[in-house]
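Heads up, the thing below is written out as structure tokens.
Each reported figure results from applying straightforward, stated rules to the coordinates on display, with no laboratory input. Keep in mind the model is a prediction, meaning the values are calculated, not measured. Cβ: placed from backbone, ideal geometry, glycine included. Neighbour counts: every protein chain shown.
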Amino acid sequence: MSADNRKLRLIPAIDRLVAVAAAEPDMNKYPRNLIIACLRKVTDQLRTVLVKGDNVDTSPEALVTTARQLLEYQTRSSLRKVINATGVVLHTNLGRAPLGRRAIASVSQIMEGYSTLEYNINSGERGSRYEHVAEKLRQLTGAEDVLIVNNNAAAVLLVLSSVARGREVIVSRGELVEIGGSFRIPDVLKQSGAVLVEVGTTNKTHLGDYEQAIGPNTAAILKVHTSNYCIVGFTSQPDGAGLAALAHKHRLPVIEDLGSGTLRSLAVGGQTEPSVIEQLALGFDLVTFSCDKLLGAGQGGIIAGKAEYIHLMKTHPLLRAVRIDKLSLAALEGTLQDYMAGDPWQDIPVLAMLTITPRALKERAEGLYRLLVQQNPLLTCQVVALNSPVGGGALPAAVLTGYGVAVTLPGISAGCLESRLRQREMPIVVRIQDERVIFDVRCLAERDLPEIAAAFKTMS
Ligand SMILES: *Cc1c(COP(=O)(O)O)cnc(C)c1O
């Protein structure tokens, strides 16, 4: 027998390990096949270690303990809550807009039981999921009619498919936008069956460029909000009113993909985001926008505008494939109620975080500073002024001034600290600046401050 084989004989048989595992009360909750799969993984690893010649505990008890850890790891939630200490309010990777209280209550009530999703309580007959928020949105946007879908990408696809399939859509070369995650205007146009006609140049497009491109096969003019970049310097784009007048002269619809879309015009960090109402008032026939960016609700996309076009979409076969689910709808309705009968600047977290004063942020940073130095005397902390972007495809040129705490711990690099914070049970996401870990307090709730301090309790 070779030396390797002799070592490998130390590995207990799977049957034996299964029997030991079955005797442990807390292992009963896992299905048998999952337990066996984990035990196999553990014995495979053990084989490698033994062949390498390392000394390890090969007792069935030790192996079952390792398998239990593996089972716990495999079955724990992967989609988890995190603390956002980056200062980026609309962080796409961290789930975009957090919901306000009313939206949370609405979601939790609807998810718990049955609802009027497609049931009309007045008539006792079938109702429409689209009607629950339609009137509220008509009031908030001034649109003749609205339609809600799964997200703004779906909204753009549905609009183009129903208005422009097989025909031409004119877009400025300065607006051929790519949003993260493979949403590119030329590709979405192609997918809808429309034909892209590019006009103008990257930095300048004139009204005459659009007019020249209009022909017998033109279906629409599309304007795309450059929500994640700015073209600065020698630039020009026709204004919305001019574009609408041109389109209407030729009996064409003019559509705007607003991207973020805010229900209240918003001026922060030196940049202004026009509201949906303002854009529709300029003459756009249809606008589309996201529900989970500046609006502050959950995932969703809204199409608002002329009833004759919305009607085409309500009867389009694609609608069923991109329909909004009841939880996102509940989040949207709760959020819209804050706009209609509350104080949106306070009640909607996104708006509150974007408009909070630097002074309030400085106080919050000082509070965090005190908790940190109390928790761990080895820490070097400093309250610092910070600039942060809005994020999430909104107000790309806006620079928000805020505050945070810069932290270093002797003997641990900022990179290592960042990774430890990220891998906690309650992950804390931070950025690093000048070899210091930065906790930007803009997106932190009061309860997050002691949690951040607690992260340093056992660190040295
Ligand atoms: C964000 C954005 C989209 C995509 O919206 P989702 O709701 O993420 O699908 C489309 N167009 C523009 C201009 C955007 O900013």
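Inter-part distance, the stretch 180-223 to the stretch 339-361, computed on C-alpha centroids, equals 37 Å. Taking each of 52/457; 190/306; 41/457 in turn, the alpha-carbon distance tops 26 angstrom for 52/457; 41/457.
Using the rule -39500 (n - 2.57) for each DSSP H run of four or more residues, divided by the residues of the chain, the 222 nm mean residue ellipticity is -12500 deg cm²/dmol.
This ranking places 123, 106, 236 by how few other beta-carbon atoms lie within 10 Å of each, fewest first, which gives 123, 236, 106. Quick one: if the Förster radius is 35 Å, what FRET efficiency do residue 32 and residue 314 give, using the C-beta to C-beta distance and rounding to 0.05? Computed FRET efficiency for residue 32 and residue 314 comes out at 0.10.
Remark: the residue 363-residue 139 segment gains 76.8 nm on full extension, using 0.36 nm per residue and subtracting the alpha carbon distance.
Here each label is just a point 7 Å from Cα along the line to Cβ, and for residue 203 and residue 265 those points are 2.8 nm apart. Here residue 278 and residue 413 are evaluated by their C-beta separation; at R0 = 45 Å the FRET efficiency comes out at 0.40. Compared with the alpha-carbon gap, the fully stretched path from residue 115 to residue 217 is longer by 32.2 nm at 0.36 nm per residue.
The alpha carbon centroids of the stretch 13-92 and the stretch 126-167 are separated by 47 Å.
Averaging 1/r across all pairs of distinct Cα atoms in the stretch 101-347 and inverting the result yields a Kirkwood radius of 18.6 Å.
Within a straight-line Cα-Cα reach of under 20 Å, residue 326 can be paired with the following lysines, leaving aside sequence neighbours fewer than 8 residues apart in one chain: 136, 293, 314.
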